[in-house]
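Take a look at the structure below.
The values are calculated or read from the model by the stated rules, or taken from the named source; none is laboratory data. Just so we're clear, the structure is a prediction, and the values are computed from it rather than from any experiment. Here the Cβ is made from the backbone with ideal geometry for all residues, glycine too, and neighbour counts use every protein chain on show.
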Amino acid sequence: MTVPHPHQVTNPDMLYARFRALGLAFTVHEHPPVFTVEKAQSHRGVDGGVMPGAHCKSLFLRDKKGVLWLVVCLEDRRIDMKALSGLLGSARLSFGRPELLAERLGIEPGSVTPFAVINDVAENGDDAVRVILDAEMMQTEPVNYHPLINTATVAMTPAGLVQFLEACDHAPATTDLTDATAV
């Protein structure tokens, strides 16, 4: 199998090939489709007994100036968008449209994942999707995300995630999201 260029639309098998080419250890857990945190919890057990580690969600956001953000955080973190905008120093944030998600990251709603930056059509520069990682999430091992589809979950180390993102020219910012968490 050919290892994909880091910026072409990939499928899970191509993503796994990229992981192997980078020397990243990972585990794949297949499951029925999940579209919500609650549904994901029902497949693994709320306490993570079936799939240990940090279970996460990814928010594809667009600010008022058109800058795209991918905020990756613990699944139970409730984000206050106004506070997040202030924390990031961005213009007002809203969720990116499904069409924009498909165009820029090659995925559909329900499958948003940090691994999708492999598909970002903007290579480097100001147009690239900006990746923000929850500092608390990065203290847990492993971290768990969808592999471009919502019928599986990939577990890897936080260091492996960062290595992957950097290899895709999307060096992340690890940020304490406590001040952007809704109470």
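Within the group A171, A102, which residue is touching a helix residue (DSSP H, G or I) at 6+ places or on another chain (Cβ under 9 Å), at pLDDT 90 or above and more than 13 Å from S58 (Cβ to Cβ)?
A171
Quick one: which strands (runs of 3 or more DSSP E) sit completely within the range 108-183 and have at least 1 residues that are farther than 25 Å from M51 by Cα? Before the answer, list the steps.
On the way: elements: 130-134, 143-145, 152-156, 173-175.
Answer list for the range 108-183: 130-134, 173-175.
Out of everything in the range 31-59 that is surrounded by 14 or more Cβ atoms within 10 Å (Cβ to Cβ), aliphatic (A, V, I, L, M) and part of a loop (DSSP other than H, G, I, E, B), what residue ends up being modelled with the lowest pLDDT?
Residue satisfying both the conditions and the ranking: V34.
Please work out if T113 is touching a residue at least 60 places away in the same chain (Cβ under 8 Å), hydroxyl-bearing (S, T, Y) and surrounded by 15 or more Cβ atoms within 10 Å (Cβ to Cβ).
no
Can you find a residue in the range 60-73 that is at pLDDT below 85 and touching a strand residue (DSSP E or B) at 6+ places or on another chain (Cβ under 7 Å)?
Checking the range 60-73: not a single residue is at pLDDT below 85 and touching a strand residue (DSSP E or B) at 6+ places or on another chain (Cβ under 7 Å).
Could you check, for the range 86-94, whether at least one of its residues is over 12 Å from the mean Cα position of the chain (by Cα) and closer than 14 Å to V72 by Cα?
Looking for residues that are over 12 Å from the mean Cα position of the chain (by Cα) and closer than 14 Å to V72 by Cα, one finds at least one in the range 86-94, hence yes.
Restricting to the range 81-105, give me the number of residues that are crowded, with 16+ Cβ neighbours inside 10 Å and part of a loop (DSSP other than H, G, I, E, B).
So the answer is 2.
Consider only pairs whose beta carbons are under 8 Å apart and that are at least six residues apart or on different chains; among these, list those whose first residue lies in the range 1-30 and is modelled with pLDDT under 70 and whose second residue is in a helix (DSSP H, G or I) and of a type in the set (F, W, Y).
The qualifying pairs do not exist here.
Let me spell it out: the conditions are (1) at pLDDT 95 or above; (2) under 15 Å from L68 (Cα atoms), and M156 meets all of them except one. Which number is the exception?
Failing condition for M156: (2).
I want to confirm something. Restricting to the range 141-153 and keeping residues that are among the β-branched types (V, I, T) and surrounded by fewer than 18 Cβ atoms within 10 Å (Cβ to Cβ), which single residue is farthest from L87 (Cα to Cα)?
Of everything passing the filter in the range 141-153, T151 is farthest from L87 (Cα to Cα).
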